[in-house]
Each structure stands twice: as C-alpha cells, then as structure tokens.
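First the structure, in the form of structure tokens, and then the observations on it.
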Amino acid sequence: MPAHARRGVTAVLAAAGLLLAACGQAPPSDAGTAATEAQAPSRVLDTLVEDYYEHYLELNPLVATANGDMRFNDRLPNTLSEQWLADLLALEQDSLARVTAIDPASLDEQRRLTYEQFRYGRELAVAGFRFPDELLPFNQFFGLPVFFGQMGAGNGIQPFATVRDYDNFLARMRDFVVWSDQAIVNMKAGVEQGVVLPKVVVEKSIPQIASFLVEDSGTSIFAAPIKAFPESIPMADRTRLSDAYVKAIAGELLPAYKRLHEFLLHDYLPAARESIAATALPNGIAWYAHQVRMHTTTAFSPEEIHQIGLDEVRRIRGEMEQVKAKLGFAGDLPAFFENLRADPKFRFESPEQLVDAYRALKDRVAAAIPAQFNVVPKGDFEVRAVEPFRERSEATASYMPGTPDGVRPGVFYVNTYDLSARPSYMSESIFLHEAIPGHHFQISLQQEIAELPRFRRFGGDTAYVEGWGLYAESLGREMGLYADPYQYFGALTAEMWRAVRLVVDTGLHAKGWSRDRAIDYMRQNTALGDADIVAEVERYIAEPGQALAYKIGQRKIRELKERAMRALKDRFDVKAFHAQILMDGSLPLAVLDAKVERWIEATAEHAAPPSQGK
C-alpha cells in the first residue's frame with residue numbers, strides 16, 4: 001500500500017493510501033495567529049491543526065475527495081507550478097512557526113500526541129523543499145496520469161452518482177490537461193538541471209501512458225461513466241453529459257496524453273540517465289538521506305539500514321531452513337525457491353480463481369479477530385483485480401481506503417497479471433497485510449475516530465502504516481492460519497521480501513549496486529517469481545527509500561510488544577496492546593515509542609500491589 005509525501009505527485013498512501021495533488025490557497029493569516037495567542041495552549045493547538053488541514057485540503061482537493069469530503073470535487077490544481085509550491089511552502093513554514101511557539105508541557109496526552117506528530121510532519125515537509133521533486137512528477141508506480149485513469153474509469157475515489165459529480169469530473173479533465181502540460185515543462189527543466197529519471201523507469205512509464213491512447217474516444221476508459229449512468233440522472237442530462245464527455249475526451253484529454261507520450265518517447269527517454277542511484281542526482285546523497293528519514297520516521301542512516309537488512313535476512317533464512325527440512329526437501333534454499341516457482345500446484349488457473357481465493361479468506365480471518373482485538377472497524381472492503389492498464393508494473397497487492405461513512409468501501413487490489421508469479425502459498429500472509437487485520441483494519445479504524453484532528457484521522461506515516469501491515473502478517477499463527485507449512489513458508493517469504501528491501505534499496509542508492517545485482521540478490525533470498533522481483537527492484541529505483549518503511553516499522557511494533565511483555569509479564573493483554581497501537585492513528589515511530597512506554601509504565605503502576613507499611 002503505497003503512501004507518499006512527494007509534493008504535487010501521487011501520495012497514495014503507501015502510507016494511508018491518499019492522493020496528494022493540489023490547488024493554491026494562502027496560508028493562515030497573521031491576524032488569526034494573533035487572535036489566539038492569548039488563549040490556552042490547548043486551544044491554540046486545536047485551532048492551528050484545523051487551520052492547517054483546511055488550507056491543506058484546499059491546496060490538495062484530491063485528498064479531500066479521498067477522505068469523503070466532496071467540497072472540492074471540481075478541482076484538480078496545477079501542483080507542479082511555482083505558485084502552488086510557494087503556497088504549500090508558506091503554509092508549512094507558517095504552521096511550523098506557530099506550533100513551535102506552543103509549550104507542549106501544558107498539553108494533555110492526546111494533544112501531546114497531536115503536537116509531536118504535527119511538529120514532526122511540518123519539520124520534515126519544510127526540509128523536503130530543498131529537493132526538486134516537482135522535476136520528477138511521476139513514474140510507473142506513483143503519479144497522477146495513471147491514478148487519474150482510475151478516477152475517470154469510475155472505480156476510484158471520484159464519485160459518479162449525481163449530475164454534479166459528472167460535471168465536477170469534466171472540470172477536473174480540463175485541469176488535468178494543465179497539469180500534464182506543466183509536467184512536460186518541468187521535465188524539460190529537469191533535463192537542463194540534470195534531475196531526470198533513470199532510463200529503466202521511463203521505459204516502463206511510456207507504455208502506461210500509451211495505454212490511454214485510443215482512436216475512438218467512446219472506447220476510452222474515461223467514457224466508462226457515461227456508459228453506466230445511475231437511473232436517477234434524467235435523460236436530458238445524460239445526453240448533455242455524454243456529448244460533453246466525448247468532446248472533452250477527444251478534444252482535450254486524449255491530446256494531452258498524446259503530448260505526454262510523445263515527449264516521453266522522443267525527448268525525455270533519450271535524455272534519461274543510465275544511472276539508477278538517487279545519489280547520482282544533484283545533491284543526491286542528502287536527498288536520499290531525506291527520503292530515508294521521511295519514509296522510516298527514524299534517524300537511521302542508509303548504512304545502518306543496510307546492516308539491519310543483512311541481519312534480518314540471515315535470521316529469516318534460518319527459519320526458512322527449518323521449514324524446508326520439515327517438508328523433506330534435500331537441496332539448498334535457492335533450489336527450494338526454484339522448486340516452488342516451478343510447481344504447478346501453487347499456481348492459480350485463472351484470474352478469477354485468484355481473486356476468489358482472497359475473497360474466501362474474509363470470513364475465516366474475521367472469525368479470529370476477537371481473540372486479538374477488542375476494537376474493530378465498521379467499514380467494509382472489496383477484493384478486485386488490478387486494472388489492465390497498470391497491472392504490468394503494479395505490485396502483487398495493494399489497498400485503497402474507503403470513506404469513513406462507508407459510501408465508498410475500501411478496495412484490496414490483487415494483481416492477476418502473470419499468474420505464475422502469484423503463488424497460492426502466499427495468499428494468507430498477503431490477505432493479513434492488505435485487508436484484516438492489516439491496512440483495511442488499521443486505516444478504517446483511524447478514519448472512524450471522529451475525535452482525532454483531521455490531519456491525524458486521514459494522514460499516515462509510511463513506517464507506521466506499512467509496519468503495521470507487516471506486523472499483521474506475523475499474527476497468522478495466533479489467528480489459526482499458516483497451519484499448512486507451505487503457507488507458513490509463504491509468510492516467511494513475505495517477511496524476507498521486506499527484509500531484502502532494506503538491503504536492496506540501500507544497495508541501489510547508497511552502495512553502487514546494479515539493477516542485475518539487486519535482482520540476483522532477491523532471487524537468491526526469496527521465492528518470489530521473476531515478474532514480481534523485476535517489478536520490485538524497479539519500484540525501489542523509481543521511489544528511493546519508500547520500501548524501507550515496512551520492515552523498520554514492523555521491527556518497532558514488534559520491539560514495543562516484546563518490551564511490554566517483559567515489563568507486564570502475566571498482566572500483559574494483547575488486546576490492550578493492539579488498542580494502544582491502533583487507537584491513536586498513525587504516528588512517527590519515535591512518537592509511538594514514547595506513547596507506548598508511557599502506557600507500559602501506567603499499566604504497571606496501576607496493577608502493582610500497594611506497598612505495606614510497618
């Protein structure tokens with residue numbers, strides 16, 4: 001699940017799965033700041049975070065849409081423009097100055113968390129403006145051109161239930177043309193400044209853009225909504241909207257995609273760099289270090305993370321060896337991996353069978369939830385196949401959050417491209433990660449806590465969100481899964497996959513690894529299929545640092561659980577621990593650590609017997 005903090009580009013959460021793309025507004029005024037200076041620090045903080053998020057949504061209307069806030073559904077601003085970037089920087093700087101002036105010692109527990117998370121986020125955001133993300137506006141994994149296709153097809157965050165909804169997307173089509181042309185302008189500037197994507201990334205992006213180019217606008221995916229009007233829309237409006245959509249698709253949208261495609265193919269690809277390391281970019285060492293900090297919410301250096309990865313790979317290999325021996329396989333681990341890749345009994349026979357297998361897990365896993373959790377979300381989710389226009393480069397699985405009111409359910413996407421690379425023995429661990437008790441469970445709970453400030457309800461730190469997803473996989477045995485040793489080996493494979501990321505991402509960007517070396521390392525240490533391995537390595541090349549979040553976050557949650565178990569002994573309650581992790585939403589790892597430590601101390605003190613006097 002991808003959530004991102006790149007400015008003006010898709011921020012689908014990988015960690016909370018939301019999209020960051022925006023429109024310009026001024027930051028809160030000095031008058032508003034002055035009016036609250038005399039107020040209690042708690043009220044000042046409450047006003048500040050709400051001021052911030054309201055302006056943030058005005059700058060980022062797609063985030064509002066994803067949250068279920070429909071006020072800005074006709075806006076898709078030019079998030080790559082100098083003005084928009086200036087507006088966002090002013091908002092972040094102003095908010096940082098205002099929160100820094102608050103004394104956190106006077107705040108209660110919840111506001112203390114709000115203060116710590118908000119200040120951390122603003123400091124990180126302001127620091128990120130040193131680096132020109134806007135010159136790298138999209139890639140094959142994250143970016144507006146493909147996400148806009150999901151929206152326009154009617155199966156994304158954009159609603160198509162009323163006449164106004166349809167008119168809103170017409171406005172967004174016109175805005176997308178402006179954004180797309182600005183992307184070309186920015187990439188040209190990037191070529192001049194030496195800030196360009198690696199050639200391998202551009203080569204994978206070109207066919208994605210090409211997939212939108214059709215001769216007949218009526219066959220475009222953007223025409224899907226006018227082929228499925230709700231019955232409530234009057235016939236006169238259907239006629240008007242159909243004509244308007246065909247005209248906009250043929251006259252504006254498809255020409256914009258064509259200009260983008262031709263630029264990528266004829267101008268940008270020849271100028272793309274042969275190097276793959278983020279550190280090869282101007283100021284690249286500092287840029288990659290910032291991406292590592294942003295995605296892990298830690299102070300770990302790339303070298304420290306590389307070593308953590310090597311240690312984790314060694315540990316997990318030891319567990320894999322034990323399972324392999326139990327299954328009676330005589331060869332070494334790489335040979336066992338090859339055996340698993342080749343064995344037809346682990347292959348789904350059709351895309352439908354693959355999707356159905358995940359749907360079948362829903363009730364089984366739900367029945368085991370009460371033993372581990374005393375809080376559950378109300379929102380539901382659907383299981384869908386990844387759309388054909390993005391399946392070749394998409395990850396094995398991903399999650400897109402629904403709205404808190406349940407009108408749009410969450411979506412657990414499974415990739416049905418190249419079935420040989422989607423082994424059935426990994427289905428249980430993938431389900432736990434993406435659905436319940438993983439992303440759907442955690443994100444839905446967070447969004448349903450109405451008392452949280454909106455930036456906490458709808459935000460997300462990648463290390464926390466993805467760390468929780470990977471931690472959720474580790475609960476399989478306690479929840480009655482992984483009884484089949486192959487499924488448990490699949491869980492180890494999934495954990496190894498995330499451990500290998502620590503080695504490969506830092507290897508590619510900080511240690512001079514080649515793409516082939518990274519692919520070979522993954523092949524020697526995981527049972528993933530070739531299609532997944534190639535897609536994964538190219539994802540790390542395209543989005544430096546993002547893949548580090550999973551294992552770093554999981555290790556922190558696991559560390560906190562072990563700390564609580566040691567301190568509380570027989571008073572440890574796993575349900576109470578999980579509630580502590582989940583019920584305050586996504587937090588930077590250092591903030592989460594301090595919060596859980598306070599809970600451990602309070603629980604131990606409350607449970608301790610009173611001292612006996614003489």
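Results, tabulated for the structure shown:
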| quantity | calculated |
| --- | --- |
| Where labels lie 7 Å past Cα in the beta-carbon direction, separation of K227 and R240 in nm | 2.5 |
| MRE, 222 nm, helices only [DSSP H, n ≥ 4, -39500 (n - 2.57), over the chain, to nearest 500] | -18500 deg cm²/dmol |
| Mean-position separation - Cα centroids, the range 427-449 and the range 453-499, in angstrom | 9 |
| Projected-area average for the range 470-614 over all orientations - Cα convex hull basis, square nanometres | 11.9 |
| Options G218, M173, I206, ranked by Cα towards positive dipole end of the range 122-246, top entry (Cβ charges) | I206 |
| Spin-label pair K575/E50, simplified geometry with 7 Å Cα→Cβ offset, distance in nm | 3.4 |
| For L107, residues with placed amide H under 5 Å, excluding near neighbours | none |
| Stretchable slack from E123 to A280, in nm (0.36 nm times residue separation minus alpha-carbon distance) | 54.0 nm |
| Rg/Rg_globular for the range 292-550, with Rg_globular taken as 2.2 N^0.38 Å and Rg from C-alpha atoms | 0.99 |
| Percent of beta bridges antiparallel (DSSP, the chain, rounded to nearest 5) | 40 |
| Beta bridges by DSSP in the range 292-550, antiparallel share as percent, to the nearest 5 | 45 |
| Between the range 220-255 and the range 318-379, the Cα center-to-center distance that results, in Å | 43 |
| Amide hydrogen neighbours beyond the local backbone of V383, cut-off 5 Å, H modeled | F412 |
| Separation of the A567 and T219 label points, Cα + 7 Å toward Cβ, nm | 6.3 |
| Theoretical FRET efficiency, 1/(1+(r/R0)^6), r = Cβ-Cβ of E262 and R517, R0 35 Å, to 0.05 | 0.55 |
| Student exercise, the range 292-550 dipole from Lys, Arg, Asp, Glu Cβ charges, in Debye to nearest 20 | 200 |
| Contour minus Cα-Cα distance for R317 and A602 (0.36 nm per residue) | 98.8 nm |
| Per principal axis, descending, Cα span of the chain in whole Å | 84, 71, 53 |
| Pairs beyond 31 Å (Cα-Cα), from K204/K326; K551/K575; K199/K362; K362/K569; K324/K561 | K204/K326; K199/K362; K362/K569 |
| Low-density loop positions, trypsin sites (Lys or Arg not before Pro), the range 434-498 - DSSP coil, at most 15 other Cβ in 10 Å | R477 |
| Q353-D380 FRET efficiency (beta carbon distance; Förster radius 22 Å; 0.05 resolution) | 0.45 |
| Label-zone membership for the range 291-329, site D593, 7 angstrom Cα→C-beta point, backbone N under 17 Å | 292-309 |
| The range 228-317, Cα convex hull volume normalised per residue, Å³ | 254 |
| Net +/- balance of residues flanking Y417 in space, Cβ distance below 12 Å, scoring K and R +1, D and E -1 | -2 |
| Backbone HN-Hα couplings from phi across the range 412-426 [Karplus 6.51/-1.76/1.60, Hz, Gly and Pro as x] | 9, 8, 10, 8, 9, 6, 6, 4, 5, 9, 10, x, 5, 6, 9 |
| Whichever lysines have a C-alpha closer than 17 Å to that of K556, once near sequence neighbours (fewer than 8 apart) are set aside | K595 |
| Y399 long-range amide H proximity, modeled H, under 5 Å | Y413 |
| Extreme residue, positive dipole direction of the chain, given options Y120, V365, A435 (C-beta unit charges) | V365 |
| Longest DSSP-loop-exposure-free segment, GluC sites (Glu not before Pro), the chain, at most 12 other Cβ within 10 Å | 38-214 |
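Only the coordinates and a few stated rules stand behind these numbers; no lab work does. No experiment lies behind these values; they were computed from the predicted model shown. No Cβ is skipped: glycine too gets one built from the backbone with ideal geometry, and neighbour counts run over all protein chains shown.
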